[in-house]
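> Mind having a look at this structure? Questions to follow.
The values are calculated or read from the model by the stated rules, or taken from the named source; none is laboratory data. Computed from a predicted structure; not experimentally measured. Cβ coordinates were reconstructed from backbone atoms using ideal geometry, including for glycine residues, and neighbour counts include every protein chain displayed. Accessible surface areas use protein heavy atoms only, side chains included; no ligands, DNA or RNA. Shrake-Rupley method; radii C 1.70, N 1.55, O 1.52, S 1.80 Å.
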Amino acid sequence: MKILEHGPKRLVVEENPIVLRMLCVVLAASLLTLGIAFRPIFGLISTDLAVRATESSGWLLAQTLISVSAVIPLGVGLSVLRIRRYIFDSSTNLVTFERAGVLRSSVSEYPLSSLIGVGLGQSFSASGGRTTRAVLEFSDAHGVVPLKPYFQSGKRPAQIAEKINSWLLRGGRSLDHLETDL
């Protein structure tokens, strides 16, 4: 996530997973190429006995399965990876979530006046690892709204929460009642 605009009346935070999209395209292209070239590649790296055995058994099935598996990273890239933009605007008294993907886009609006602040949601793995994500905490029926649909390791969620909270405080809002694990 990065901050696009940081003014006294407006804060714009954006997450653009460009690297993940590129990785999905490269993985899909690699799987498709491997699937198409499976028989010649297998013929180069295998012994004559293995090549004769696969002639009758299932090289076509393996080639098809490898080629079709290219759909998985493309599906992730198209449906899951979206540009997420969060706009905190005190002039309109709105917090706007814009999500734009290849297949669909959506906009959600929340009242800025009911925003308590930004805290951290935590998730613990069975091995004891901890991951976090920044969450907006509202005093009305919206409750807790995560900025991202997934948890991540590292300090980035805490840094984003701190930046948003400091912008809210500069706007004359008190965050005394917010509990965070910063």
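> Being within 14 Å of the chain's Cα centre (by Cα), open to solvent by less than 40 Å² (accessible area, probe 1.4 Å) and not β-branched (Val, Ile, Thr) is true for just one of Gly129, Gly101, Gly117. Which residue is that?
Working: Gly129 fails: within 14 Å of the chain's Cα centre (by Cα); Gly117 fails: within 14 Å of the chain's Cα centre (by Cα).
Result of the check over Gly129, Gly101, Gly117: Gly101.
> Now, a different point. If you scan the range 53-78, which residues turn out to be modelled with pLDDT under 75 and either open to solvent by 40 Å² or more (accessible area, probe 1.4 Å) or in a helix (DSSP H, G or I) (or both)?
Selection gives Ala53, Thr54, Glu55, Ser56, Ser57, Trp59, Leu60, Leu61, Ala62, Gln63, Leu78.
> Anything in the range 141-159 that is open to solvent by less than 80 Å² (accessible area, probe 1.4 Å) and β-branched (Val, Ile, Thr)? List them, or say none.
The answer is Val145, and nothing else.
> Please list, ordered by first then second residue, the pairs with beta carbon atoms under 7 Å, 6 or more apart or interchain, first in the range 103-131 and in contact (Cβ under 8 Å) with a residue 12 or more places away in the chain, second assigned to a helix (DSSP H, G or I) and of a type in the set (A, V, I, L, M).
That search, which allows pairs on different chains as well, returns Leu103/Leu78; Gly117/Leu168; Val118/Ala161; Val118/Ile164; Gly119/Ala161; Leu120/Ala158; Leu120/Ala161.
Yes or no, residue by residue, for (1) at pLDDT below 85; (2) closer than 26 Å to Leu169 by Cβ:
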| site | (1), (2) |
| --- | --- |
| Asp89 | no, yes |
| Val95 | no, yes |
| Leu103 | yes, no |
| Val107 | no, no |
| Val118 | no, yes |
| Arg133 | no, yes |
| Ser139 | no, yes |
| Gly143 | yes, yes |
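> Of all residues in the range 79-88, count the ones that are surrounded by 16 or more Cβ atoms within 10 Å (Cβ to Cβ) and over 11 Å from Glu15 (Cα atoms).
2
> Another question about this same structure. Just wondering, is there one or more residues in the range 133-140 that are at positive phi, open to solvent by less than 30 Å² (accessible area, probe 1.4 Å), of a type outside the set (Lys, Arg) and in contact with a Lys or Arg (Cβ under 9 Å, 6 or more places away or on another chain)?
No - not one qualifying residue is present in the range 133-140.
> Still on this structure: State whether one or more residues within the range 85-98 are of a type in the set (Lys, Arg), closer than 21 Å to Asn16 by Cβ and either in contact with a Gly (Cβ under 6 Å, 6 or more places away or on another chain) or assigned to a loop (DSSP other than H, G, I, E, B) (or both).
no
> Which one of Val12, Val19 is at pLDDT 80 or above, farther than 18 Å from Val118 by Cα and out of contact with any Phe, Trp or Tyr (no Cβ under 6 Å at 6 or more places or on another chain)?
Step by step, each of Val12, Val19 is checked, and only Val19 is at pLDDT 80 or above, farther than 18 Å from Val118 by Cα and out of contact with any Phe, Trp or Tyr (no Cβ under 6 Å at 6 or more places or on another chain).
> Is it fair to say Val95 is more than 30 Å from Leu27 (Cα to Cα), buried (at least 16 other Cβ atoms within 10 Å of the Cβ), in contact (Cβ under 8 Å) with a residue 60 or more places away in the chain and in contact with a strand residue (DSSP E or B) (Cβ under 6 Å, 6 or more places away or on another chain)?
Against the criterion (more than 30 Å from Leu27 (Cα to Cα), buried (at least 16 other Cβ atoms within 10 Å of the Cβ), in contact (Cβ under 8 Å) with a residue 60 or more places away in the chain and in contact with a strand residue (DSSP E or B) (Cβ under 6 Å, 6 or more places away or on another chain)), Val95 does not qualify.
> Among the residues of the range 151-182, which ones are modelled with pLDDT of 80 or more, among the hydroxyl-bearing types (Ser, Thr, Tyr) and under 18 Å from Phe124 (Cα atoms)? Don't jump to the end; show me each part of the working.
From the range 151-182, those modelled with pLDDT of 80 or more are 151-170; that's our starting set.
Add one more test, that the residue is among the hydroxyl-bearing types (Ser, Thr, Tyr), and what stays is 153, 166.
Matches in the range 151-182: Ser153 only.
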